[in-house]
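Engineer: Sharing a structure here in structure tokens format.
The values are calculated or read from the model by the stated rules, or taken from the named source; none is laboratory data. Computed from a predicted structure; not experimentally measured. Cβ placement follows ideal geometry from the backbone for every residue including glycine, while neighbour counts extend to all protein chains displayed. The protein model used for the area step is the full one, side chains on, heavy atoms only, and it has no ligands, DNA or RNA in it. Shrake-Rupley method; radii C 1.70, N 1.55, O 1.52, S 1.80 Å.
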Amino acid sequence: MTSRVRPAPPDQAQRDRALDPAHSIIVQAPAGSGKTDLLTKRFLRLLAEVDDPAQVVAITFTKAAAAEMRHRILSELEKAAERLSNVDADEMESLAARAREHASRMGWNLLEVPGQLRISTIDSFCREIASAPHHAGRRPGRK
């Protein structure tokens, strides 16, 4: 029995660019196209490079999507081996292993305190911004 190698999707170049931590991204695609998988990979990639997990923000439209994203990220971190495997650097297993190793070095305890992961709906993200005007360079009560 021969194994089939799946051809790369037609949007592979965009998927690869989405994993580039130097740029913010917006992912728009139809249901079942792999958005959550791509965003999980990106989130793990970024977690491996930041000084604080709160520096990585994922915003979705629904609570269900935010919950699914959080579940996948935590699940991948749980499954991650302590050492890097020989898989492609942009594959989930490798990204999760690097993120877990970095989180361990930084003392984040993400699996014990998953609330550090900033994954929310656009509504809750906007509410967070509105309730913290000092982030916009203004003091409360001033226009």
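Engineer: Quick check for me: using +1 on Lys/Arg Cβ and -1 on Asp/Glu Cβ, what's the dipole size of the stretch 1-84 about its Cα centre, in debye to the nearest 20?
Structural biologist: Around 380 debye, computed over the stretch 1-84.
Engineer: A follow-up question, please. Can you work out the FRET efficiency for the pair GLU112 and ILE25, with r the C-beta to C-beta distance and R0 = 22 Å, to the nearest 0.05?
Structural biologist: Efficiency computed from Cβ-Cβ geometry: 0.15.
Engineer: Let me ask you something else. Round to the nearest 0.05 the FRET efficiency obtained for ASP11 and GLU68 when R0 = 25 Å and r is the Cβ-Cβ distance.
Structural biologist: Here the calculated transfer efficiency is 0.75.
Engineer: May I ask you to give the solvent-accessible area per residue for the stretch 1-66, in square angstrom, as obtained with a 1.4 angstrom probe?
Structural biologist: 72 Å²
Engineer: A further question on this structure: Which order do VAL56, VAL5, VAL27 take when ranked by solvent-accessible area (1.4 Å probe, heavy atoms of all protein chains), largest first?
Structural biologist: Ranking VAL56, VAL5, VAL27 by accessible area, largest first, yields VAL5, VAL27, VAL56.
Engineer: At 0.36 nm per residue, and after removing the present C-alpha to C-alpha distance, how many nm does the segment from ASP90 to ALA54 gain when stretched out fully?
Structural biologist: Extending this stretch completely gives an extra 10.8 nm.
Engineer: Please work out how much accessible surface LYS35 shows to a 1.4 Å probe, ignoring ligands, DNA and RNA, in Å² rounded to 10.
Structural biologist: 60 Å²
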